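Participant: Please see the structure below; I have some questions.
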Amino acid sequence: MTIPSSMMTMTQISSEELGVRVAAEGSAAERPGGATTAGHAMIMSKCGNMAPWQLRCIQGHIAANLHTGIRIAELAGIARCSSYRIKRVFKHNFGCTPHQYLIRRRVERAQRLLILSDDSLSRIAAECGFVSQSHFSDLFHKIVGERPGRWRRTQVRQNFRSNFTVPGTALGASS
């Protein structure tokens with residue numbers, strides 16, 4: 001007696017037939033509105049690269065949510081793959097772990113805010129998603145090599161000098 005394939009359980013399906021079904025479902029990735037799990041696996045190449053649209057979606061989500069906590073599961077949902085897969089291929093595509101990437105983006109945002117605003121360090125730390133000013137200061141120092149307050153003063157001095165320097169003369173040079 002032959003059982004129709006639609007009524008077979010997973011234990012009754014041979015590995016060859018399963019391979020054919022997975023390959024056939026791979027074309028579902030091209031369908032608008034989403035794809036099957038097998039289709040998601042087909043989107044990413046075997047060498048660990050993510051598709052360009054996945055990279056853009058992850059970067060956009062992180063940029064828009066720097067001030068909040070971002071979980072691997074969120075990134076996996078956005079990229080339409082498993083949390084395990086995100087952890088595995090993120091470093092290959094971005095050159096660092098998801099946590100390192102998030103911290104670097106937060107520090108970059110903090111650098112912009114330090115230059116453009118007169119807000120306190122604690123306020124900037126909160127706006128960038130750091131738990132406290134000391135946490136922010138420690139991570140900033142680790143990445144940039146200088147404490148945020150000192151870095152801000154240095155940047156302000158450099159910007160002041162570049163705005164008021166006359167070509168061919170040095171600021172503060174005596175005649």
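The values are calculated or read from the model by the stated rules, or taken from the named source; none is laboratory data. Since the structure is predicted, the reported quantities are computational estimates derived from the model, not experimental observations. Virtual Cβ from ideal backbone geometry, glycine too; neighbours counted across all protein chains shown.
Participant: Residue check: is I103 surrounded by 12 or more Cβ atoms within 10 Å (Cβ to Cβ) and in contact with a Ser or Thr (Cβ under 7 Å, 6 or more places away or on another chain)?
Facilitator: Judged against the criteria, I103 is not a match.
Participant: Moving on to the next point. Determine whether P98 is at pLDDT 90 or above and closer than 23 Å to S132 by Cβ.
Facilitator: yes
Participant: Just checking, how many residues over segment 118-134 are of a type in the set (A, V, I, L, M) and exposed (fewer than 12 other Cβ atoms within 10 Å of the Cβ)?
Facilitator: Of the residues in segment 118-134, 1 are of a type in the set (A, V, I, L, M) and exposed (fewer than 12 other Cβ atoms within 10 Å of the Cβ).
Participant: Another one. Any idea which of (1) surrounded by 15 or more Cβ atoms within 10 Å (Cβ to Cβ); (2) touching a residue at least 40 places away in the same chain (Cβ under 8 Å) is the one I115 doesn't satisfy?
Facilitator: (1)
Participant: Moving to a separate point now. Pull out all pairs, ordered by first then second residue, where Cβ-Cβ is under 9 Å, the residues are six or more apart or on different chains, the first lies in segment 151-166 and is at pLDDT 85 or above, and the second is of a type in the set (F, W, Y).
Facilitator: Going by the 9 Å Cβ cut-off, the qualifying pairs are W151/F140.
Participant: Just one of the numbered conditions (1) exposed (fewer than 14 other Cβ atoms within 10 Å of the Cβ); (2) at pLDDT 90 or above; (3) small (G, A, S) is not true of S137; which one?
Facilitator: Only one criterion in (1) exposed (fewer than 14 other Cβ atoms within 10 Å of the Cβ); (2) at pLDDT 90 or above; (3) small (G, A, S) is unmet by S137, namely (1).
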